[in-house]
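The structure under discussion appears below in the form of structure tokens.
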Ligand code: NDP
């Protein structure tokens, strides 16, 4: 039987790329979006449409979605994974970085949910899987704006889950602990980056992206009437 379409944002690296590989191995056609489309293409996955989309550009996300649905049928799962983490101290951080994080991590995620929900509700099935963070449940030093975005993701996910549950659509959240990806590299302060790396070393290493991809596949593969609302996945030694 043909498997349904899964859409993954931010699949050009890290957790999104690992989730794309898992769902592709399971036989799903995919729509992968990110700005670095060449990195999406380099994954070289079958039945996969790769589109250069900045998720803050709702029109271009919706256009890619329409194109993929015309090719592969209705989207059954949207993985809202694209995200940025720009750590900084409240007194010195450039407010443009706060804006960027809220645009990508929060507003684009809302737009993504809005783009797929009406059709999922109409069909009485579908899954939205939002990638939050342990930083969506507790705070960390130098994370003021980032934790704000991730607390927002967790809260919005739970709110939308309640709002659409009687239609049969599932909204799920994964809260990863520290995972070895490119996420930290965008922070501008070398001192903060060094501190974060030392914290990771002190716990003897962190997760790899596929640890989160396995969790995503496990959640999605439950029967449609089972919703694992939230899963927190972290290295055993992470405090
Ligand atoms: P990476 O930096 O490796 O990947 C981030 C992805 O997001 C890239 O594919 C990037 O693609 C995409 N992205 C960023 N901005 C945009 C944009 N404007 N439009 C489209 N895509 C965008 O980080 P991770 O894999 O670690 O992060 C994935 C998610 O997991 C994020 O939401 C992050 O907050 C969350 N997370 C990560 C943790 C970790 O320790 N790594 C812990 C907890 C949560 P491109 O640049 O090509 O556009």
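No lab work stands behind these numbers, since they all come straight from the coordinates. Source: prediction; values computed, not measured. Because the Cβ atoms are built from the backbone with ideal geometry, glycine has one as well, and the counts that use them run over all protein chains shown.
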Over all Cα pairs of segment 85-145, how is the pair count split among 10 Å bins, expressed in % and running from 0 up to the last occupied bin?
-> 19, 39, 25, 14, 3
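Rank-order 192-198, 151-157 by packing density, defined as the average count of other C-beta atoms within 10 Å over each peptide's residues, highest first.
For the peptides 192-198, 151-157, the packing ranking is 151-157, 192-198.
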So, how do all the Cα-to-Cα distances of segment 124-163 break down into 10 Å bins, in percent, from 0 on up?
-> 30, 46, 19, 5, 0
Shape parameters for segment 61-180, alpha-carbon atoms, Rg then Dmax in Å = 15.6, 49
Across bins of 5 angstrom width beginning at 0, how are the C-alpha pair distances of the chain distributed, in whole percent?
-> 1, 7, 15, 19, 21, 17, 11, 6, 3, 1, 0, 0
Relative contact order %, the chain, counting alpha carbon pairs below 8 Å whose residues are six or more apart = 20
Starting with the highest mean, order 11-19, 40-48 by the number of other Cβ atoms within 10 Å, averaged over the residues of each peptide.
-> 11-19, 40-48
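With N set to the residue count of segment 3-98, report its C-alpha Rg divided by 2.2 N^0.38 Å to two decimal places. Let's see the in-between values first.
On the way: Rg = 14.7 Å, N = 96, 2.2 N^0.38 = 12.5 Å.
Cα-based Rg divided by the globular estimate yields 1.18.
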Expressed in angstrom and rounded, the centroid-to-centroid distance over alpha carbons for segment 181-211 and segment 44-64 is 28
Fewest-first sequence of 228, 128 by Cβ atoms within 10 Å of each Cβ | 228, 128
Note the angle between two axes, namely the Cα long axis of helix 190-202 and the longest principal axis of the Cα atoms of the chain, as a number of degrees from 0 to 90, rounded to the nearest 10.
-> 80
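For the peptides 71-79, 28-36, 118-126, what is the packing order when you average, over each peptide's residues, the other Cβ atoms within 10 Å and list the highest mean first? Write down the numbers at each step before the final one.
On the way: 71-79: 20.4, 28-36: 23.4, 118-126: 15.4.
Highest-to-lowest ranking by the protection proxy: 28-36, 71-79, 118-126.
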